[in-house]
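Structure, as C-alpha cells:
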Amino acid sequence: MTKPYFVCYITNTHKEESLNLKKRILAADDDPSVQRLIERILKSFGYAVEVVSSGEAALVEFRKDGFSLVLTDLQMGKNAMNGIELAEKIKEINPAMPVVLFAGTLPQVQPVCIDWMIGKPARPKVFARLAEFIK
C-alpha cells in the first residue's frame, strides 16, 4: 500500500517584494512619527526594517551585521552623533555599505560618505529606488 503524498506550489505575484525581504535596511531618525512613516513605507516595498532613534544606536545595530543599506537623518538631537558622522563610521567598518541621507535640510555639497540624499518630505515611490543602491 502506498502512502498518499501532496505537492504544494506556492506562487508569489509580488516577486520584487519577495526579493526585497532578504534586504535589511537600518533607519536612524530621532522623530517617532518619521520612524513610523519610514518603517511603514519600507515594509510596503518588502524590505525588512530596523528603526533606531540615534546615530549611536544605529552604530550598535550596524555592528550586529546583516544590513543591506543604512538610511539616516542628518540631525538627531543636541550633542548626538549626526547622520554624516554615522555615515563616516559606517564607511570605516564597511566601505561598500550604501548610506542614504534623509533630511529636511540637505547639505549644499554631498559628503563623500553619503551615496544618495533624499529631502524631507519625500513621496513613498522615492524609497522604491533604494533597491538601486543595495548590492
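The values are calculated or read from the model by the stated rules, or taken from the named source; none is laboratory data. Please read all numbers here as calculations on a predicted model, not as lab measurements. Note that each Cβ is placed from the backbone with ideal geometry, even for glycine, and that neighbours are counted across all protein chains shown.
In region 116-135, what residues are out of contact with any helix residue (DSSP H, G or I) (no Cβ under 6 Å at 6 or more places or on another chain), surrounded by 12 or more Cβ atoms within 10 Å (Cβ to Cβ) and either in contact (Cβ under 8 Å) with a residue 60 or more places away in the chain or part of a helix (DSSP H, G or I) (or both)?
Those that are out of contact with any helix residue (DSSP H, G or I) (no Cβ under 6 Å at 6 or more places or on another chain), surrounded by 12 or more Cβ atoms within 10 Å (Cβ to Cβ) and either in contact (Cβ under 8 Å) with a residue 60 or more places away in the chain or part of a helix (DSSP H, G or I) (or both): Lys120, Val126, Ala128, Arg129, Leu130, Ala131, Phe133, Ile134.
What are the residues in region 1-33 that are over 21 Å from Ala131 (Cβ atoms) and modelled with pLDDT of 50 or more, if any?
Result: Asp30, Asp31, Pro32, Ser33.
What about Leu59, is it of a type outside the set (Asp, Glu), assigned to a helix (DSSP H, G or I) and touching a Lys or Arg at 6+ places or on another chain (Cβ under 7 Å)?
It is true that Leu59 is of a type outside the set (Asp, Glu), assigned to a helix (DSSP H, G or I) and touching a Lys or Arg at 6+ places or on another chain (Cβ under 7 Å).
Would it be correct to say that Lys78 is among the basic types (Lys, Arg) and modelled with pLDDT of 95 or more?
When the stated conditions are applied, Lys78 does not pass them.
Against the condition at pLDDT 95 or above, hydrophobic (A, V, I, L, M, F, W, C) and closer than 24 Å to Lys125 by Cβ, how does Leu69 come out, does it pass?
So Leu69 passes the test.
Please find, within region 83-115, the residue that is farthest from Arg63 (Cα to Cα) out of those that are surrounded by 15 or more Cβ atoms within 10 Å (Cβ to Cβ) and touching a Lys or Arg at 6+ places or on another chain (Cβ under 8 Å).
Among those residues, the one meeting the criterion is Ala103.
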